[in-house]
1. At ASN265 and LYS204, where each label point lies 7 Å from the Cα along Cα→Cβ, what is the point-to-point distance in nanometres?
2. Local charge sum around LYS269 (other residues, Cβ-Cβ under 12 Å, Lys/Arg +1, Asp/Glu -1)?
3. Of LYS136/LYS204; LYS133/LYS287; LYS130/LYS293; LYS133/LYS227; LYS85/LYS204; LYS130/LYS207, which pairs sit farther than 20 Å apart, going by alpha carbon to alpha carbon?
4. Can you give me the solvent accessible area of LYS207 with a 1.4 Å probe, rounded to the nearest 10 Å²?
5. Along the range 199-214, what does the Karplus equation 6.51 cos²θ - 1.76 cosθ + 1.60 (θ = phi - 60°) give for ³J(HN,Hα), rounded to whole Hz, x for Gly and Pro?
6. For ASP178 and ALA79 in the same chain, what is the full-extension length gain: residue separation times 0.36 nm, less their Cα-Cα distance, in nm?
7. Collect residues whose amide H, placed 1.01 Å from N in the peptide plane, falls under 5 Å from the amide H of ILE90; neighbours closer than 5 in sequence don't count.
8. What's the carbon and sulfur percent of the range 123-174's accessible surface, probe 1.4 angstrom, rounded to a whole number?
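The values are calculated or read from the model by the stated rules, or taken from the named source; none is laboratory data. Note that the structure is predicted; figures quoted are calculated from it, not measured. All Cβ positions, even for glycine, are placed from backbone atoms using ideal geometry, and neighbour counts span all protein chains on display. Side chains are part of the model used for accessible areas, which takes the heavy atoms of the whole protein and leaves out ligands, DNA and RNA. Shrake-Rupley method; radii C 1.70, N 1.55, O 1.52, S 1.80 Å.
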Amino acid sequence: SKMRVACKVAAMSALVASATSFMPTPALTTAPREHVMSGAVTQLQMSVPPLASRRALLGSAAVIAGNFCLGEASAATAATRLPSKDDVLIYVGAGCFWHVQHEMTVAEQALLGRDGNSFTAVAGYAGGNKLGKDGKVCYHNMAFDSDYGSFGHTEVVAVQVPADAVEGFVTAYVDLFDKSGVRHDPQDQGGEYRSALGLPGGVKNEKSMRVLTEAAAKKGMTVVAGKGDEGDTLRDRTIFVYDTTQFPFHAGELYHQYHNDMTENYGKKYNALRDSKATEGALAISKCPGDAKLTGVFASGDFASSGIFDGFFQDKSVND
């Protein structure tokens, strides 16, 4: 009944490929997230096409922050603000989460000066009213296990940001849409791709809502409180705003993280962030069918059931 086009087809292909191509990086020394780690993800180069929305976010066609490079060097870089326990979690949705995760790493770089060692963007799901066994929310799978679409969730990307930086990320989120309020990948249709913004307090977050409403209005978009299980927003240009307490974020499968988009190749070093962050413990194998073939890849076993990731997120796939 719903069109599940390019993103879904490629995701299934990625799942098959991940079973043979996913290899752990050499062990990295675990360090507090306040410290910059040395290792394979420094001097990271990503290929970035000249998208108008990205230029609006960065203020130029390219920017450099730390060792994470995008296109040409820019003299203006944000002061580095590494992840902290005082950060707040927000999430954004605008079509397939592969593209959105990349854009949020760009925003983390431009607005917070973060790099490959300190990005917090995680692809996952939110906005539904149902959960599967053990609180699972999973991508479409042959076993019909905890399917996020069936549970009313949409694809989103969560980021941890300082409280005083939330409005900057709200602006970066609206910049994902073109001047008419259309998302990057309108070919993917259905409630799984609806426009979503998760904020602490939801629509009661007055400061963020003022920024969001003003930016959205310029693109002919409307903002309403999310109640869960909504349909697509492609035609009416609506942004559903969710309270992150009432509608928590559920981290997606490991094989979805730092993935190329259907139409953009972000580079091998960007893709390698999945392996390195899993090795350091910032990402983990989920209990969903899509990650089943990855269980046992790491000598330490099933990260998702170890209990070390309890806390900040609502499931055991990602720590804080």
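1. Between ASN265 and LYS204, the label points sit 4.9 nm apart.
2. On the way: positive: LYS268, ARG274; negative: ASP115, ASP275.
Computed value for this residue: 0.
3. Numbers: LYS136/LYS204 28 Å; LYS133/LYS287 10 Å; LYS130/LYS293 26 Å; LYS133/LYS227 22 Å; LYS85/LYS204 23 Å; LYS130/LYS207 30 Å.
Distance filter (> 20 Å) returns LYS136/LYS204; LYS130/LYS293; LYS133/LYS227; LYS85/LYS204; LYS130/LYS207.
4. For LYS207, the solvent-accessible surface is approximately 120 Å².
5. These are the phi-based 3J(HN,Hα) values: 10, x, x, x, 5, 7, 7, 4, 4, 5, 5, 4, 5, 4, 4, 5 Hz.
6. Working: separation 99, 0.36 × 99 = 35.64 nm, distance 2.83 nm.
My answer for the length gained is 32.8 nm.
7. VAL159, VAL161
8. Working: 980 of 1710 Å².
Carbon and sulfur together cover 57 percent of it.
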